[in-house]
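A short write-up of the structure that comes next.
Every number in this text was worked out from the coordinates using simple rules, so none of it is lab data. Nothing here was measured: the structure is a model prediction, and the numbers come from that model. Here the Cβ positions follow ideal geometry from the backbone for every residue, glycine too, while neighbour counts run over all protein chains shown.
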Amino acid sequence: MTPTTTLALGPQWLDANYLIEQFGLIGVLAIVFAESGLLIGFFLPGDSLLFTTGLLVTTGQISKPLWVVCTLVAVAAILGDQAGYLFGRKVGPSLFKRPDSKLFKQENVEKAHEFFEKYGPKSLVLARFVPVIRTFTPIIAGVSRMNYRSFLIFNIVGGILWGVGVTVLGAALGKIEFVHKNIEMMLIAIVLISVVPIIIEFLRARSKSKKAAAQGGGHPGAVGGPRPPAQQQRGRHARR
């Protein structure tokens, strides 16, 4: 791993290739589970990890068949969301009052809540492809007490599309000689692509904030002015 790649992908212990070398397939499954629904998992490299896993299956560095790896990854992703949902149901609205810490930011909860309110149950599928948001969305679904049957259906669909899809993509591209020769560049590209949705959402939120401030005379929270989305629609999907 070159210094440039290490800098681009972050600390070595967050590098997908390093994690797979150290912990193998079991480590991959544990990370997928944690990033899918545990509060402490939001910073883990899910996309690049799955892509690298698929690539290493193609090159023979992971000895398990691709279908076995994809099945295990999908199950880990589904169970991770399940854990997040149950956690959300247990802690309830108190999650929105939890103080910030090094591993927990209230801002992440609010963003996930807005995402859930905007897209409803299908957010469980869409969020799979958005870093950070994918960790908090199943928790928010639990806090909102989303109908469990609906949650389970969208959780399974999302887990399969993301877990299998990204892994198969890595396996398919791993057969291309250019990818083999430029694996570090490909991992950087995966990381950059995974960050694009966050940048777009940030720019949209910033634009909305400016419009709200202009319409409310500079005071978005004033009477008659628009309220923050998380306060405006909290609980819309409760018990749906």
Practice problem: Take the Cβ-Cβ distance between A213 and V68 as r, set R0 to 41 Å, and report the resulting FRET efficiency rounded to the nearest 0.05. | Solution: 0.15
Practice problem: Rank by packing, highest mean first: peptides 55-61, 134-140, 30-36, 68-74, with packing defined as the count of other Cβ atoms within 10 Å averaged across residues. | Solution: 134-140, 30-36, 68-74, 55-61
Exercise. Multiply the residue gap between S94 and M185 by 0.36 nm, knock off their C-alpha separation, and tell me the result in nm, one decimal place.
Key: 28.5 nm
Quiz item: With labels modelled as points extended 7 Å from the Cα through the Cβ direction, what inter-label distance (nm, one decimal) is found for L86 paired with V157?
Solution: 2.4 nm
Quiz item: For R204 and E177, FRET efficiency with R0 = 35 Å and r from the beta-carbon atoms, rounded to 0.05?
Solution: 0.35
Exercise. Provide the per-residue ³J(HN,Hα) series for region 114-124, in order, calculated from phi with Karplus coefficients 6.51, -1.76, 1.60 and θ = phi - 60°, each as a whole number of Hz, with x at glycine and proline positions.
Key: 4, 5, 5, 5, 6, 9, x, x, 5, 4, 5
